[in-house]
1. Probe of 1.4 angstrom, ligands and nucleic acids ignored: what's the accessible area per residue over the chain, in square angstrom?
2. Nearest 5 is fine: what % of DSSP beta bridges in the chain come out antiparallel, could you say?
3. Take peptides 138-147, 47-56, 253-262, 209-218 and line them up by average Cβ neighbours within 10 Å, highest first, as a rough protection proxy.
4. Just to be sure I understand the curve: with the Debye formula and one point per C-alpha of segment 218-324, what is log10 I(q)/I(0) at q = 0.23 Å⁻¹?
5. Using θ = phi - 60° and the Karplus form 6.51 cos²θ - 1.76 cosθ + 1.60, what ³J(HN,Hα) does each residue of segment 20-35 get, whole Hz, x for Gly and Pro?
6. Can you tell me, using C-alpha contacts under 8 Å and at least 6 residues apart, the relative contact order of the chain as a whole percent?
7. Using only alpha-carbon positions, what ratio does the radius of gyration of the chain give when scaled by 2.2 N^0.38 Å?
8. What's the percent breakdown of Cα-Cα distances in segment 264-386 across 5 Å bins, shortest bin first?
Amino acid sequence: MNDATTDAGNGRTLPDRTGDGTRAVRAGLPEPVKHEPTLPGPVFAAHFHLPGDPTGPYTYGRDENPTWTLLEHAIAELEAPGQDGVEALVFASGMAAISSVLFSQLRAGDAVVLPDDGYQALPLVRAQLETYGIEVRTAPTGGDAQLEVLDGAKLLWIETPSNPGLDVCDVRRLADAAHAQGALVAVDNTLATPLGQRPLELGANFAVASGTKQLTGHGDVLLGYVTGRNAEAMAAVRRWRKIVGAIPGPMEAWLAHRSIATLQLRVDRQNTTALALAQALRERPEVTGLRYPGLPDDPSHKIASQQMRRYGCVVSFTLPTRAHADRFLDALRLVDDATSFGGVRSTAERRGRWGGDAVPEGFIRFSVGAEDPEDLVADVLRALTASAS
Ligand SMILES: Cc1ncc(COP(=O)(O)O)c(C=O)c1O
């Protein structure tokens, strides 16, 4: 760690012990220029003036954009404060970011370990990898079963906490084991956000996330990112972005950067309320399978408390039947029945409706927003009572 960390992209320095809130509001801001805005507006450009030799930084809009650059500096600063040489690349979505790592790092004949209980699009990725002759092994997130299938693997993919089951695995332990065998490690950090967990500090080679969720937090932007410190590996990820063209629009990138300024406020509010909601749900007899890594008696809590600084805004639980769960969702007044998570407005859904997760029919994934905690908890308790019969 350095004594001081560069305030992204401009050479200004933040003191080493800068708090998360300060870091979030300043992340990625350029050097102040008289009469210019603090955060420059989105640069809408398909191409840039380019006389002579075609050298960077800005040539063509699929390769680079100044609005991405500022956002990438902000994300690198949050994922790896004070660490030199960490690069971030932004993408059109979380899936674009995930695919960029997997498809840029793996070749025919390689083996990769994926979670069998992760985000529900991973099986689609698995099928695609297999058509390219890549061996895909799977293991559940909790319980260290990854160790049994690591032998000879090129890449270990971890999603912790997992979506939607909220299991947690020991990133440092798994990363050490994977590295001992020469495997790379990527962590999907979507649910935790960089304020909840820093996979690169725990030994991962890549921290990857959907910025669509709590990072941007308003349910109006799709975004993804990859961070890493291995220059060669990141060059391959960048090249993949260029080939596939999975790039964010400048407006989305700018909205994301603007939203990051309130990341710590949102995360702290939402995560505190998530714990309060989990505690209230624990008292309800119709609720089973309650999971929240921040609950001291949650099966994930021990490892989570070692590697996470905040436990996320998602709570999951099961109601007795599908019909009961549907009645509950219908009865909520402050919570939208919608997919995704991490937004300032609470959402919840019966996850089984998609058919992709191995969950009971009455399983609810609940994303806690920024409402007043007492209002939200009261709404949930009232909806539980109303949906009982
Ligand atoms: C853990 C996790 N990773 C990745 C993704 C994909 O992100 P996006 O929808 O931005 O492509 C999601 C989406 O829900 C997710 O929950």
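The values are calculated or read from the model by the stated rules, or taken from the named source; none is laboratory data. All values reported here derive from a predicted model rather than from experimental measurement. Because the Cβ atoms are built from the backbone with ideal geometry, glycine has one as well, and the counts that use them run over all protein chains shown. Side chains included, ligands, DNA and RNA excluded: accessible areas come from the protein's heavy atoms. Shrake-Rupley method; radii C 1.70, N 1.55, O 1.52, S 1.80 Å.
1. Working: 16160 Å² over 389 residues.
Solvent-accessible surface per residue comes out at 42 Å².
2. Details: 26 of 43 bridges.
Among the beta bridges of the chain, antiparallel pairing accounts for roughly 60 percent.
3. On the way: 138-147: 18.3, 47-56: 8.6, 253-262: 21.8, 209-218: 25.4.
So the order, starting with the most tightly packed, is 209-218, 253-262, 138-147, 47-56.
4. Each listed q corresponds, in turn, to -1.16.
5. Each residue's phi maps through the Karplus curve to give 4, x, 4, 4, 5, 6, 9, 4, x, 6, x, 3, x, 10, 3, 6 Hz.
6. 15
7. Details: Rg = 21.0 Å, N = 389, 2.2 N^0.38 = 21.2 Å.
The chain yields a ratio of 0.99.
8. 2, 12, 22, 26, 21, 12, 4, 0
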